[in-house]
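Please read the structure below before turning to the comments.
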Amino acid sequence: MSTSKPGEYKQPEDVSYKLYKSSNLTDESSDKKEYILYPYRWIICIFFSIQQIGLGMMMVGFSPITAFMAKVYDVNSIWTTMIVLCYSIIFVPVNVPANALIKAKGIAYPIRIASVVFIAGAWIRMLVKVDFFFILIGQCINALGMPFVQALGATIASTWFGEKERALITTITSLASVLGLIIGFALPAIFVDDEETNFEKAKDQIYQFIWVQSIAVTVCSIPCFFTVRKEPNTPPSRSAEQMRDPNKNAQEENKFWKDMGKMLSSLNFWLLNIVFSFIYSIYNTLGAAVSVITEKFGYSSTDNSIFGVVFIVSGISGSILHGILLDKYGKYKLQYILICALSIGSIGLITGIIDIGEVWLTSIGLFFVGLGLIPIIGVANSFCAEIIHPINEAVGCGFILSCGSLLTIPYTLLVNYMVENHSKWWSFVLFGAGAVIAFIASVLVKEDLKKSKLDLNKDEEQTSKLLEDNDS
């Protein structure tokens, strides 16, 4: 019971002290129930994003010239396609131990492991003058690092950033690798001439391209290795505080496999996953098989570089817009539906205009395809973090990325087979079918925003408690 006399002014410190006692917080900022946002969070975000740019460059750097490389090195086109596809293949088995490490050690160890692997894989490819397959070996080594960081954006956002910043930061970090894709698509057009008939000269051009790419990846990976930190001194939000609390749940919920079982028993999670997996696999297949597809319509490797840049730039623009809208309105399901609807419409558009043979017209079509497909990365990661809370975001985001990568493998191989052996139009039939399946699942998924509800409910409790104490 309050000991103050009627009409007596109560010091604000008394109110803050009661809030402190009722919430069991230990840092000084918690006396006022405020969470500190440390400026260093931007260092983490910036250098992690730069690392992701290097990853993106490696992933699709050879994509525009895979058909040309098959001729230059006299290998089957499936091997040059594997230079890009290996990222999806390796992601699946490595993702589980990578997520276990993230859950046990936080973000610092995975980021440092990825930095070392990215640099090693990049420079091993310089042995291509000995044998073509050193390119594939280097790409596979590089791909080993991707599972450690590909789904880490949502965890960084939750660990270092406040609730009002999470969706945007998740989008930015997720799209950093996409920015690397732009550079990756553009570089071959600068260094490699796909009309070169002297294959020895063409090999020198490819070697120079690999050398420049390897330097860039090294520069992108080193800063993150030295600047990354596991977490700030104090949590930035209520949900981040809960994730730190060793007693927040029963002991079994702190175990990786228990979390996986709980997550996989949710029908809503599977609906979210179906949407992401189909849209993401279409996006990946376009990156891996673009040279095979466009060659049938008479386009060159230089044209592919233009297509890739337009595709990615539009996707980044759309993703930033989606991230801003998520932070402002939080309409996850609506944006999921819009992404799928635009994907269906844009695939229909590109199907109707690609055979005209005009680069500028096809680029317009691919602009809308990128606008439809690529935003799924940031939106799905944010949506997944909301649905599975309090399970670690890396577990859920890593799992849906594994499913998307797993589906990419048969999707890409099927597209390659159908285009090479049957009709060039089969790729668009398969893309359209996948987008329709994703649209149906997006309509069925429920908008269960557990993380946002936790922060909102806690804020309401604090406000109510503060008012009650002021009235007492």
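Listed values, structure above:
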item	result
Residue that is at pLDDT 85 or above, out of contact with any strand residue (DSSP E or B) (no Cβ under 9 Å at 6 or more places or on another chain), closer than 19 Å to Asn273 by Cβ and not hydrophobic (A, V, I, L, M, F, W, C), where the choices are Ser423, Ser427, Ser382	Ser382
All helices (runs of 4 or more DSSP H) inside the stretch 305-416 with 1 or more residues being in contact with a Lys or Arg (Cβ under 6 Å, 6 or more places away or on another chain)	376-388
Selection from the stretch 57-79 of residues that are surrounded by fewer than 24 Cβ atoms within 10 Å (Cβ to Cβ), touching a residue at least 40 places away in the same chain (Cβ under 8 Å) and small (Gly, Ala, Ser)	Ala67, Ser77
Subset of the stretch 86-136 that is charged (D, E, K, R) and in contact (Cβ under 8 Å) with a residue 60 or more places away in the chain - its residue that is nearest to Thr66 (Cα to Cα)	Arg125
Hits in the stretch 311-351 (condition: more than 17 Å from the chain's Cα centre (by Cα) and small (Gly, Ala, Ser))	Gly330, Ala341, Ser343, Gly345, Ser346, Gly348
Counted residues, the stretch 323-342 - those being over 17 Å from Val445 (Cα atoms) and modelled with pLDDT of 95 or more	1
Failed item in (1) among the aromatic types (Phe, Trp, Tyr); (2) farther than 30 Å from Val192 by Cβ; (3) crowded, with 22+ Cβ neighbours inside 10 Å, with Tyr329 passing the rest	(3)
Checklist (1) of a type in the set (Val, Ile, Thr); (2) surrounded by fewer than 21 Cβ atoms within 10 Å (Cβ to Cβ); (3) modelled with pLDDT of 90 or more; (4) under 17 Å from Ile374 (Cβ atoms) applied to Ile282, failing item	(2)
Condition broken by Pro223, with the remaining ones in (1) closer than 25 Å to Ala98 by Cα; (2) touching a helix residue (DSSP H, G or I) at 6+ places or on another chain (Cβ under 7 Å); (3) surrounded by 17 or more Cβ atoms within 10 Å (Cβ to Cβ) satisfied	(3)
Matching residues, the stretch 412-429, being among the aromatic types (Phe, Trp, Tyr) and within 26 Å of the chain's Cα centre (by Cα)	Phe428
In the stretch 92-112, residue modelled with the highest pLDDT [restricted to those that are crowded, with 19+ Cβ neighbours inside 10 Å, β-branched (Val, Ile, Thr) and not in a loop (DSSP other than H, G, I, E, B)]	Ile111
Subset of the stretch 51-72 [assigned to a helix (DSSP H, G or I) and in contact with a Gly (Cβ under 9 Å, 6 or more places away or on another chain)]	Gln52, Ile53, Gly54, Leu55, Gly56, Met57, Met58, Met59, Val60, Ser63, Pro64
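Condition check ((1) closer than 30 Å to Val75 by Cβ; (2) within 18 Å of the chain's Cα centre (by Cα)) across all residues:
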{"position": "Ile111", "(1), (2)": "no, yes"}
{"position": "Val116", "(1), (2)": "yes, no"}
{"position": "Gly121", "(1), (2)": "yes, no"}
{"position": "Ile137", "(1), (2)": "yes, no"}
{"position": "Leu144", "(1), (2)": "yes, yes"}
{"position": "Ala151", "(1), (2)": "no, yes"}
{"position": "Lys164", "(1), (2)": "no, no"}
{"position": "Ser177", "(1), (2)": "yes, yes"}
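Okay, residues lined up against (1) at pLDDT 85 or above; (2) closer than 30 Å to Phe68 by Cα; (3) basic (Lys, Arg):
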{"position": "Pro147", "(1), (2), (3)": "yes, yes, no"}
{"position": "Gln150", "(1), (2), (3)": "no, yes, no"}
{"position": "Gly153", "(1), (2), (3)": "no, no, no"}
{"position": "Ile156", "(1), (2), (3)": "yes, no, no"}
{"position": "Leu168", "(1), (2), (3)": "no, no, no"}
{"position": "Thr173", "(1), (2), (3)": "no, no, no"}
{"position": "Leu187", "(1), (2), (3)": "yes, yes, no"}
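The values are calculated or read from the model by the stated rules, or taken from the named source; none is laboratory data. Model, not experiment: these values are computed from the prediction. Here the Cβ is made from the backbone with ideal geometry for all residues, glycine too, and neighbour counts use every protein chain on show.
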